[in-house]
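Everything below concerns the one structure shown next.
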Amino acid sequence: MTYDIETAQKRANYYALFSRLLLQEVDGELLKQLKDNESIYELFPNLKEWSLWSELPDSELINEHLNVDFTNLSLLHLVPYETFYTREDGQVETGGANPVTDFYHEFGFKVEFNRARVVSPDHIGIELEFMFKLIEAEIEAMKNSDDSGVKEIQRIQREFMKRHLINWVALYLINFKYEARTPLYHDLGENSLGFLLEDSEFLNS
């Protein structure tokens, strides 16, 4: 596969979409974007068969189905934080000792806790957002023909994937998929995991 700016942009788009959906509830603007994009069914094939997707008013679909499911998956029943899965005591590291912070500081990435409404920087949505930002920087370096910059940013992506994301996302996303009560979040769990496994292989190839 030829790796060019277009391919990098596709990777960035996937990370941005999955980050947004795993980080916060669906709102009216996002729902409209999803419904207006016919290609979304490639990632969320079960939406086509879900009658409520097209039959219900958007506000009812959001408030009574999608956001109820998101709350159950991300706030009540499952824990979307890396350290919960990697620490022996099963606790979420909310302080400066969180292992992802070194990567964030190296790249100048700051977590906006109030906006994201997370308690720790190792939330799956934040980690995916970090990868999105790295690929954005990679694309900028590619546009400027900065080969050394591209290689360095790819190194950070590869190391972050190896030392963080790939070590725990399967545990969370498999449970996420099976706990989901709506097609949107079922497909999100399945296809975000598939994408991350493929991207990990790509980064190591």
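Read the figures in this text as sums done on the coordinates, not as results from a lab. Computed from a predicted model, the values in this text were never measured in an experiment. Here Cβ is always computed from backbone atoms with ideal geometry, including for glycine, and neighbour counts include all displayed protein chains.
If we scan the stretch 22-29, do we find a residue that is over 28 Å from H164 (Cα atoms) and either of a type in the set (S, T, N, Q) or over 18 Å from the mean Cα position of the chain (by Cα) (or both)? Yes, the stretch 22-29 has at least one match.
Within the stretch 112-138, the residues that satisfy the criterion of being under 25 Å from V150 (Cβ atoms) and either surrounded by fewer than 16 Cβ atoms within 10 Å (Cβ to Cβ) or in contact with a helix residue (DSSP H, G or I) (Cβ under 7 Å, 6 or more places away or on another chain) (or both) are I126, E127, L128, E129, F130, M131, F132, L134, I135, E136, A137, E138. Considered as a group, the residues in the stretch 90-110 that are of a type in the set (A, V, I, L, M, F, W, C), touching a residue at least 12 places away in the same chain (Cβ under 8 Å) and out of contact with any Phe, Trp or Tyr (no Cβ under 6 Å at 6 or more places or on another chain) include one that is farthest from H186 (Cα to Cα), and that residue is F107. For the stretch 66-89, filtering for residues that are in contact (Cβ under 8 Å) with a residue 60 or more places away in the chain and either of a type in the set (K, R) or not in a helix (DSSP H, G or I) (or both) leaves 4.
For every residue, the table says whether it meets (1) closer than 26 Å to H123 by Cα; (2) among the acidic types (D, E); (3) surrounded by fewer than 13 Cβ atoms within 10 Å (Cβ to Cβ).
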{"residue": "R11", "(1), (2), (3)": "yes, no, no"}
{"residue": "A16", "(1), (2), (3)": "yes, no, no"}
{"residue": "E25", "(1), (2), (3)": "yes, yes, no"}
{"residue": "K32", "(1), (2), (3)": "yes, no, yes"}
{"residue": "D36", "(1), (2), (3)": "no, yes, yes"}
{"residue": "I40", "(1), (2), (3)": "yes, no, no"}
{"residue": "D58", "(1), (2), (3)": "no, yes, no"}
{"residue": "I62", "(1), (2), (3)": "yes, no, no"}
{"residue": "V68", "(1), (2), (3)": "yes, no, no"}
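When every residue of the stretch 113-123 is checked against the conditions, at least one turns out to be part of a helix (DSSP H, G or I) and over 20 Å from V79 (Cβ atoms). Return the total of residues in the stretch 158-171 being under 12 Å from L128 (Cβ atoms) and assigned to a helix (DSSP H, G or I). Adding up the residues that qualify gives 4.
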